[in-house]
1. Starting from the Cα gyration tensor of the stretch 150-206, take the square roots of the eigenvalues, sort them a ≥ b ≥ c, and report rounded, prolate or oblate (rounded when a/c is under 1.5, otherwise prolate if a/b is larger than b/c, else oblate).
2. Along the charge dipole of the chain, pointing to its positive end and built from +1/-1 on Cβ of Lys, Arg, Asp and Glu, which listed residue (THR242, LEU397, HIS22) has its Cα farthest out?
3. What label, among (1) 24; (2) 45; (3) 34, belongs to percent of Cα pairs over 37 Å apart computed from the structure on display?
4. Beta carbons within 10 angstrom, averaged per residue: use that to sort the peptides 280-287, 314-321, 85-92, highest first.
5. Report, as a whole number in µm² per second, the diffusion coefficient that Stokes-Einstein gives for the stretch 288-399 at 37 °C and 0.692 mPa s using the Kirkwood radius over alpha carbon pairs.
6. Can you compute 3J(HN,Hα) from phi for each residue in the stretch 324-337, using the Karplus curve 6.51 cos²θ - 1.76 cosθ + 1.60 with θ = phi - 60°, rounded to whole Hz and x for Gly and Pro?
7. Which whole-angstrom value gives the distance between the alpha carbon centres of the stretch 148-179 and the stretch 86-135?
8. Amide H to amide H under 5 Å from ILE214: which residues, 5+ apart in sequence or cross-chain, H placed 1.01 Å off N in plane?
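Please treat every number below as a calculation from the coordinates, not as lab data. For clarity, every value in this text was computed on a predicted model and none was experimentally measured. Note: ideal-geometry Cβ built from the backbone for every residue, glycine included; neighbour counts use all protein chains shown.
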Amino acid sequence: MNFSVFCSFDVDTASFRQMHGHSMGLAKLGHQVHLVVHPFKYHPERSSAHRQITDKLSHDIERVKISLVYSWVFRASLPWLGLFPYLFCSLPNILWKLLRSDFVIIYKPLPLSTFYAWILKRLLRKKGLVLLLDDWEGVGGFANTRSANSVIKKTLLTFCEEYTPALVDSIQSTSKVLHERMQLSKYSLGKSIYLSHGCQSLVLPDFPAHSPAIHVVYAGSYKSSYLVQFLASVVLATCSRTTNIHFTFIGAGKRLDLFKDLVSQFEPTIQSHVRLTGYISEEDKIACLSQAQIALLYLNDQYPETLIDLSRSSTKLFEYLSAGRVVIASDFGEPRQILAEGETGYLCNNDPIHFAEKIIAVSSSPEKMQAVSRQAKQLFETSFTYPILMGKLIPFLQR
C-alpha cells in the first residue's frame with residue numbers, strides 16, 4: 001500500500017523523528033511511504049541545514065521519500081508574506097503529494113493539520129484519513145501552556161482538538177486515556193486504536209559490569225519549574241549520600257537557566273557530579289546514553305500537570321528501553337503500565353529522597369543492573385519497535 005505522512009514540525013524536532021519512525025516502520029513492512037514535512041514556521045537561516053538532514057534520512061531506506069516544503073506565508077517574522085505563492089504553489093503541491101496514496105496520516109490536530117484534513121475530507125472526499133493523537137490532545141488546549149493566556153489561541157486549539165477526530169476515518173492514539181475518551185463520542189466511537197509511542201532501535205554497547213563510577217542520564221525538555229526543582233533535589237539527595245554517582249541532563253527548555261541556577265548553589269564537590277548539556281544533536285545524545293547505566297523518567301502526579309502526564313506516552317521511555325539502560329521512573333501513568341518492578345525497570349514515588357535511595361540501591365548491584373538492562377532491551381524489541389507498532393495499525397486501518 002501507499003502511505004502519505006504529513007508533519008507540520010521541522011526536521012530537528014522530536015515530533016518529526018516520531019513521524020519519520022512511523023514512516024520507516026511502514027516501509028520495513030513493504031509499504032511505500034511519502035513523508036511530507038511542511039513546518040508551520042519558516043526560518044530561512046535553518047532551511048539549508050534541514051534539507052541536508054532530509055537528504056541523509058532519505059537514503060536510510062528506499063521505500064521512504066521525504067519532501068520538505070517551506071512556505072514564506074509561515075515565516076515567523078512575516079506571517080502574511082507569500083500568501084499567494086502558498087495558495088497557488090505550495091498548497092496544490094502538498095495536496096497532490098497527499099492524494100496519491102491509499103492512506104494519509106496526519107500528525108496532531110493542530111490548526112495547520114486540521115486545515116489540510118478539512119480540505120482532503122470535505123472538499124476532495126479523500127478516504128483513508130488517519131489522525132495520530134499525541135500526548136496532550138483532547139484536553140481542551142489545557143496542556144498547551146504557551147497558549148494558556150490567549151483566549152483566541154486556546155479556542156482555536158480546542159476547536160481543532162474536538163473537530164479533527166470527528167473528521168478523520170481512523171485515529172491512532174498514543175495515550176490510553178485519550179483512546180478511552182474517543183469512545184465517549186459518537187463521532188469517534190470505534191475509530192480509535194491505542195498504540196503507545198515507540199522509537200528507532202538504538203544499537204549501543206552494554207555498559208561495563210563493574211565501573212568505579214555510575215552515570216545517570218535524563219533526556220528531555222525543561223518546560224516546568226517544578227520539574228527542574230525535582231531533578232535538582234534528586235541530585236542533591238543522591239550526591240549527599242554517595243560520591244560515585246554522576247548525572248547528565250540532556251536537553252534545553254525555558255527552565256534550563258533556572259536549573260543552572262539551582263545547580264550553581266550546590267557545593268563545588270556536588271556541582272562536579274552534574275553536567276547540563278543544553279541542546280545537543282541526536283548523535284551526541286546517543287553518545288551520552290551509551291555512557292550511562294541508569295536513566296531517569298519523571299512524570300508529575302500533581303494537579304494540574306497530572307492531567308497531562310497521566311495521558312502522555314513518553315518517547316524517552318522507549319529510547320531508554322531501546323538503549324538497554326536501567327529505567328527508574330515515576331510510579332504513575334505509562335511507566336506503571338509498561339515496567340515490571342525489578343525486571344524491566346524500577347518505579348518510584350515522586351519523592352526526591354525515594355528516587356535517590358532507589359538510584360543508590362540499584363547501582364550497588366552491577367549484575368542485577370545488567371540483567372534488568374537485557375530484559376528492558378528485550379521488552380522493547382518484542383513490543384515497541386516501529387515495525388511492530390505499524391504492524392498492529394495496518395489491520396485496524398483495513399477494517
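1. It comes out oblate by the Cα gyration axes.
2. LEU397
3. (1)
4. On the way: 280-287: 12.5, 314-321: 24.9, 85-92: 14.2.
The packing order, highest mean first, is 314-321, 85-92, 280-287.
5. Details: Rh = 14.8 Å.
Roughly 221 µm²/s, to the nearest whole number.
6. Couplings: x, 8, 7, 8, 10, 10, 4, 7, 5, x, 5, x, 5, 6 Hz.
7. Cα centroid to Cα centroid, the span is 15 Å.
8. Correct list: ILE245, HIS246.
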